[in-house]
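Everything below concerns the one structure shown next.
Any read-out appearing in this document is the output of simple, stated calculations on the displayed coordinates, not a laboratory observation. Not measured: the values here are computed from a predicted model. Note: ideal-geometry Cβ built from the backbone for every residue, glycine included; neighbour counts use all protein chains shown.
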Amino acid sequence: MSETKPEKKILDLARRAMPKQTPWERVKNFDEVALGYPAETAVGEAARCLQCKKPLCNQGCPVGIDIPGFIRRIVEGDFAAGVKKIKKTNALPAICGRVCPQEEQCEKTCVLGNKRSPIAIGRLERFLADWEAAAGRTEVPDMAPKTGRKVAIVGAGPAGITVSNDLIILGHDVTIFEALHECGGVLMYGIPEFRLPKAIVNREVDYVRSLGVKIFTDFVVGKTRTVDRLLQDFDAIFVGSGAGLPWFMEIPGENLNGVYSANEYLTRVNLMKGFRFPEYKTPVKRPSRVAVVGGGNVAMDSARTAVRLGADEVHLVYRRSKAELPARAEEVENAEEEGVIFDLLTLPVRLIGDANGWIKEMECLRMELGEPDASGRRRPVPVEGSNFIARFDAVVIAIGNSPNPLIPMTTPGLEINKKGGIVTVPETAQTSRPNIWAGGDIVRGAATVISAMGDGRVAAASIHRYLMNLGSKA
Amino acid sequence: MYKIVEQRMIAPNVHEFTVHAPAVAESVKAGNFVIVRPDQYGERIPLSVADWDRAAGTVTSIFIQVGQSTARLARLKPGDTIPTFVGPLGKETVIDNFGTVLCVGGCYGIGSIYPVARALKEAGNTVCTLIEARSSFLLYWEDKLMKVSDEMFVITRDGTKGQKGHVDRIPELMQRAGIVPDRVIVNACTFQMMRVSQVTKPLAWKTIVNMNPIMIDGTGMCGVCRLSVGGRTKFACVDGPDFDGHEIDWAEFLARRKSYNPEEVDPLRRSGCRSHY
């Protein structure tokens, strides 16, 4: 390695802010909120990187991106080389740069974080991916010769796309079967346009397709064809079938009209583009007082969607305090700026309907924090007699979901855990059946995009070893 | 894209709809449904499967034009294509040799009860089929159903064919014919399924209904199709669509079915509805 050190200048050590649409503008549209770094800002931010000899940031990345490596290319102004560096280990940089919880991963371990703010790694990753798209270029990795081995991927979400990308590069024949009419999985139906524009998801899917991955949409593995039927035509299968049935609180009134799971609410708006009804034909209600129950990223997405659909008041109802909110700090801040009201330490106990079966009111209890529970967070304890009733004309339940039941229901011999997820060996992502691998929400329940991608990376390596042991058919 | 093989009105407002979808035709069974999107802006709607031809790779559904999506489907012609036709979804109807089974069809369900009756017949049951419509001109597929049934009953509300009345008359008709069914299976509009369940409950005739809630993905993700069965929330797309009709909370189900009528159905009844075509 004969890399020259970037020229040292007097550095502005402050973390560069991300330009955003102002709150009063963005609550009226579904366009992306964060606008991305201009090149100058990106170079300035990148120049703060200490280029540690033994970097800690890499260790926090589930897909093992060479973070100091790509940051150095930005400082040097060689953006194309930077993109190539990332794409070696990450097929979806434009997406990860936007939706990864960097503050829990790479940025958490950045040494600059000890005294100042850590390097904005996610924003720099996004900058490179967007630069590549704007420049109309596509860095394509070197492809291995064809092996003639065939792999079926169930689900075109982040896990499936990552496995496909890795295996096609290694020379295998890859076919994705997607149940919905669009690819992307949760990136398409779950994460809103204002946080992850769908054009970006389509671009990344097109990229994987351009590498030679075949994709069939409208194909529900487990129903249209079973996993065992597919194994007659494929040497290995990766199951990335994602999230399943939404959880409800199991309190009275949850099946009233106007009570939605976050999955339904977000799917209507994102995948089906209900926010453009009646041009797009899937209707979505535009109620004036909305309660979103939950405190994760999905709850923030739902609340911010309700704001954009024109609600007068959107309440986020969460049973613990602000410190325990599982959502990313950035998303909490965005929601607050957009006027979402946080009803913290509040637990819904009953949903009350009108004579026609529509939600009218929600009864809640106030909570206080007690001793820490198994998760290490302080357990919320109801305050006796603190019940109160508030008027709402829509309630969105965003408290998580179980893994999708279709593959477990239709694949004999697959070991399933108590929560309905497929059991895998963490080091290989292999299931209890020798030629089936799995990863993402179908294994973890409701997790993150990047953890699904990390599973995909692990699975791809293991599938590759398995296929090479079978020998090349080409 | 999926090619329309046949799309014609077989009774007023009742459409027979056949699509070339070999992968679906390969594995479809009685009781399954498909999800269809009429065009690229269209909503995903579920349709019960009424017949199929595995060799030709085609799947047939019967639908009633109710809202804007079915209005669009009704305007398709053979040779046209639709962007989404996915399935077979839901659990298939449980078929066994039960003895004597009463198959009840109404509305679009006169179509989707056909493969159920056929499968029951093949499994060695005595199949009694009862179809109901407001008037004789709304009946269809009687000849097909006759071929797979040991006995046929027809009820019309105006008495223009068969017995006059409603499905309420089922116990009386069965008694007169000397039939005590070991199982009743109903494919019909929600109200008819509810009425049949109500009249068979006091008689303790096991009654299976093929539920038809609003759906989006149809694969166990969104949760819009939930209903209360025996006091527990179930999801029609993966736990059903067949459920025990005596255990369903019908009032809740009817309310949920209607939740988008202001957006979907009402505009078609007013003038100036161009944006919906």
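With R₀ fixed at 35 Å, the C-beta to C-beta distance from A:S117 to A:I389 puts the FRET efficiency at about 0.20.
Working from Cα positions, state the angle (0 to 90°, nearest 10) between the long axis of helix B:109-122 and the longest principal axis of chain B. Long axis of B:109-122 versus the principal axis of chain B: about 50 degrees. Seen from every direction in turn and averaged, the convex hull around the alpha carbons of the stretch B:100-257 projects onto 9.2 nm². The stretch A:398-474 gives an Rg/Rh value of 1.02, both radii derived from C-alpha positions and Rh following Kirkwood.
Applying 0.36 nm per residue to the separation of A:E333 and A:D142 and subtracting their alpha-carbon distance, the gain on full extension is 64.6 nm.
Put in order of Cβ neighbour count within 10 Å, fewest first, the listed residues A:Y280, A:Y318 become A:Y280, A:Y318. Residue exposure proxy: B:S27, B:S112, ordered by other Cβ atoms within 10 angstrom of their Cβ from fewest to most, comes out as B:S27, B:S112.
Per the Cα gyration tensor, the stretch A:107-173 maps to an equivalent ellipsoid with semi-axes of 33, 17, 12 Å, ordered largest to smallest. Around the Cα centre of the protein assembly as shown, unit charges on the Cβ atoms of Lys, Arg, Asp and Glu (plus for the first two, minus for the last two) sum to a dipole of about 700 debye. Once the convex hull of all Cα atoms in the stretch A:23-134 is built, its volume per residue stands at 115 Å³. Once you treat every alpha carbon in the stretch A:224-338 as an equal point and sum by Debye, what is log10 I(q)/I(0) at q = 0.09, 0.11 Å⁻¹? Each listed q maps to, in turn, -0.35, -0.49. Over chain B, what number does the Rg to Rh ratio reach, with both radii from the alpha-carbon atoms and Rh per Kirkwood? My calculation puts Rg/Rh at 0.95. Within straight-line reach of A:K108, meaning a Cα separation under 29 Å, sit the following lysines at least 8 residues removed in sequence or on another chain: A:K5, A:K8, A:K9, A:K20, A:K53, A:K54, A:K84, A:K85, A:K87, A:K88, A:K198, A:K322. Using 0.36 nm per residue and subtracting the Cα-Cα separation, the extra length available between A:I251 and A:L35 on full extension is 73.7 nm. Neighbour counting of Cβ atoms within 10 Å sorts the residues A:V163, B:V224, A:V307, fewest neighbours leading, into A:V307, B:V224, A:V163. Treating r as the C-beta distance of A:A81 and A:I341 and R0 as 51 Å, the FRET efficiency rounds to 0.65. Distance between the modelled labels on B:M9 and B:T160, one decimal in nanometres: 1.4 nm (7 Å Cα→Cβ projection).
Explain nothing, just the number: dipole magnitude of chain B about its Cα centre with +1 on each Lys and Arg Cβ and -1 on each Asp and Glu Cβ, in debye rounded to the nearest 20.
Magnitude of the dipole: close to 560 debye.
The spacing between the stretch A:138-182 and the stretch B:142-208, judged by their C-alpha centroids, is 52 Å. Considering only A:I200, A:P405, A:L271, the residue lying farthest towards the positive end of the dipole of chain A is A:I200, judged by Cα position with unit charges set on Cβ.
Remark: the B:R54-B:T233 segment gains 60.9 nm on full extension, using 0.36 nm per residue and subtracting the alpha carbon distance. The alpha-carbon of A:K150 sits under 17 angstrom from the alpha-carbons of these lysines, leaving out residues fewer than 8 places away in its chain: A:K214, A:K473.
Only helical runs count toward this figure. For chain A, summing -39,500 (n - 2.57) over DSSP H runs of n ≥ 4 and dividing by all residues gives -9000 deg cm²/dmol at 222 nm. Partner shielding of B:233-242 amounts to 2, given as the average count of beta-carbon atoms from other chains within 10 Å of each residue beta-carbon.
Per the Kirkwood treatment, what hydrodynamic radius in Å, one decimal, follows for chain A from the mean inverse distance over all distinct Cα pairs? In chain A this quantity evaluates to 23.6 Å. Gyration tensor over the Cα atoms of the stretch A:328-431: the corresponding equivalent ellipsoid has semi-axes (square roots of 5 times the eigenvalues, largest first) of 35, 21, 17 Å. Measuring r between the beta carbons of B:R176 and B:L203 and using R0 = 25 Å, the FRET efficiency lands at 0.95.
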